[in-house]
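Peer 1: This is the structure I have questions about; it appears just below.
The values are calculated or read from the model by the stated rules, or taken from the named source; none is laboratory data. These numbers come from a predicted model, not from an experiment. Here the Cβ positions follow ideal geometry from the backbone for every residue, glycine too, while neighbour counts run over all protein chains shown. Remember, those area values only see protein heavy atoms, side chains included, never the ligands or the DNA or RNA. Shrake-Rupley method; radii C 1.70, N 1.55, O 1.52, S 1.80 Å.
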Amino acid sequence: MSIKEQIQLAISPALDESNLFLEDVNVVTAGKHRHLTIVVDANHDLSMDEIASITRKLNPIIDALPLFNEQNFNLEVTSPGFDRPLTKPRHWQKNLQRKVRVVCQDGKVVSGRITEASENSVTIDNSNLNYVDIKRANLEVDFKPVRADRKSTRLNSSHQIISYAVFCLKK
């Protein structure tokens, strides 16, 4: 089993308990040091408090893994950035009413707002697309509020990474 798979297996219960999804695990080794990045997501926009809380839960779990054998490592827990491709039905469902740009397998480009998302397809304005027909899809920057429960001042994960780094330094 790879290091990435061992980490995924070890942290999955804590993520499930916190109603979070594991998006990615990345381990970079430089000499005797490792940098571990864990990308988590939820069905809602994650707050800094939620990121800090899950970091506190994951740190002792990862620290106890024998694969690190007293090797120094940095742990970075973050949410996906605004530029993350939409690849799963839940990504589309979470981003209802947001602007998106889609490149289809046949090269056709569709831009507009996500108006509906199911397990097999998405509706962008008046265009219905099956996920299998989508080559690439990314959110587009939109400074207008799109739903009553979403504020236009929502921070993206790059703000969270910077804020969290400051949070760690103050401890």
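Peer 1: Scan region 9-35 and report the pairs whose first residue is within 28 Å of K94 (Cβ to Cβ) and whose second residue is aromatic (F, W, Y), with Cβ atoms within less than 9 Å and a gap of 6+ or a chain change.
Peer 2: As it stands, the answer is L15/F21; V27/F73; H35/F73, since those pairs meet every condition given.
Peer 1: Which one of these does F73 not meet: (1) open to solvent by less than 50 Å² (accessible area, probe 1.4 Å); (2) among the aromatic types (F, W, Y); (3) without any contact (Cβ under 8 Å) to a residue 40 or more places away in the chain?
Peer 2: Unmet for F73, out of (1) open to solvent by less than 50 Å² (accessible area, probe 1.4 Å); (2) among the aromatic types (F, W, Y); (3) without any contact (Cβ under 8 Å) to a residue 40 or more places away in the chain: (3).
Peer 1: Out of curiosity, is G112 of a type outside the set (A, V, I, L, M, F, W, C), open to solvent by 30 Å² or more (accessible area, probe 1.4 Å), more than 13 Å from the chain's Cα centre (by Cα) and modelled with pLDDT of 95 or more?
Peer 2: Values: of a type outside the set (A, V, I, L, M, F, W, C): yes; open to solvent by 30 Å² or more (accessible area, probe 1.4 Å): no; more than 13 Å from the chain's Cα centre (by Cα): yes; modelled with pLDDT of 95 or more: yes.
Judged against the criteria, G112 is not a match.
Peer 1: Anything in region 28-42 that is at pLDDT 90 or above and surrounded by fewer than 16 Cβ atoms within 10 Å (Cβ to Cβ)? List them, or say none. Give the steps one after another, and end with the answer.
Peer 2: Taking region 28-42 and keeping what is at pLDDT 90 or above, we get 28, 35-42.
Those that are at pLDDT 90 or above and surrounded by fewer than 16 Cβ atoms within 10 Å (Cβ to Cβ): V28, H35, T37.
Peer 1: Out of curiosity, is D149 part of a loop (DSSP other than H, G, I, E, B), modelled with pLDDT of 95 or more, open to solvent by 50 Å² or more (accessible area, probe 1.4 Å) and of a type outside the set (A, V, I, L, M, F, W, C)? Spell out the reasoning first.
Peer 2: Numbers: part of a loop (DSSP other than H, G, I, E, B): yes; modelled with pLDDT of 95 or more: no; open to solvent by 50 Å² or more (accessible area, probe 1.4 Å): yes; of a type outside the set (A, V, I, L, M, F, W, C): yes.
Spelling it out, it is not the case that D149 is part of a loop (DSSP other than H, G, I, E, B), modelled with pLDDT of 95 or more, open to solvent by 50 Å² or more (accessible area, probe 1.4 Å) and of a type outside the set (A, V, I, L, M, F, W, C).
Peer 1: Within region 28-58, which residues are farther than 12 Å from A10 by Cβ and in a helix (DSSP H, G or I)? Step through it out loud before you land on a result.
Peer 2: Of region 28-58, the ones farther than 12 Å from A10 by Cβ are 28-35, 37, 39-56.
Answer for region 28-58, where residues must be farther than 12 Å from A10 by Cβ and in a helix (DSSP H, G or I): M48, D49, E50, I51, A52, S53, I54, T55, R56.
Peer 1: If a residue must be under 24 Å from Q97 (Cα atoms) and over 9 Å from the mean Cα position of the chain (by Cα), how many such residues does region 32-46 contain? Full working, then the answer.
Peer 2: Going through region 32-46, the residues under 24 Å from Q97 (Cα atoms) turn out to be 39-46.
Applying the additional criterion that residues be over 9 Å from the mean Cα position of the chain (by Cα) yields 43-46.
Adding up the residues that qualify gives 4.
Peer 1: Oh, and also: Out of all the residues in region 1-27, which are surrounded by 13 or more Cβ atoms within 10 Å (Cβ to Cβ) and either in a loop (DSSP other than H, G, I, E, B) or at positive phi (or both)?
Peer 2: S18, L20
Peer 1: Please work out if T55 is out of contact with any Asp or Glu (no Cβ under 7 Å at 6 or more places or on another chain), under 29 Å from R136 (Cα atoms), open to solvent by less than 60 Å² (accessible area, probe 1.4 Å) and hydroxyl-bearing (S, T, Y). Walk me through it before giving the result.
Peer 2: Details: out of contact with any Asp or Glu (no Cβ under 7 Å at 6 or more places or on another chain): yes; under 29 Å from R136 (Cα atoms): no; open to solvent by less than 60 Å² (accessible area, probe 1.4 Å): yes; hydroxyl-bearing (S, T, Y): yes.
In short, no.
Peer 1: Sticking with this structure for a sec: Scan region 126-137 and tell me whether some residue there is of a type in the set (D, E, K, R) and assigned to a loop (DSSP other than H, G, I, E, B). Explain how you work it out, then say what you get.
Peer 2: Within region 126-137, the first condition is being of a type in the set (D, E, K, R), and the residues that meet it are 133, 135-136.
From what's left, assigned to a loop (DSSP other than H, G, I, E, B): none.
No; the residues of region 126-137 include none that is of a type in the set (D, E, K, R) and assigned to a loop (DSSP other than H, G, I, E, B).
Peer 1: Could I ask something else about it? Have a look at D83, D106 and point out the one that is in contact with a helix residue (DSSP H, G or I) (Cβ under 8 Å, 6 or more places away or on another chain), farther than 20 Å from P13 by Cα, of a type in the set (D, E, K, R) and loosely packed, with under 15 Cβ neighbours inside 10 Å.
Peer 2: Working: D83 fails: in contact with a helix residue (DSSP H, G or I) (Cβ under 8 Å, 6 or more places away or on another chain).
When all the criteria are applied, what remains is D106.
Peer 1: Next question. Which residue out of K99, K94 is open to solvent by 30 Å² or more (accessible area, probe 1.4 Å), at negative phi, modelled with pLDDT of 90 or more and of a type in the set (D, E, K, R)? Please lay out each step first, then the result.
Peer 2: Details: K94 fails: open to solvent by 30 Å² or more (accessible area, probe 1.4 Å).
None of the other options fit; the residue is K99.
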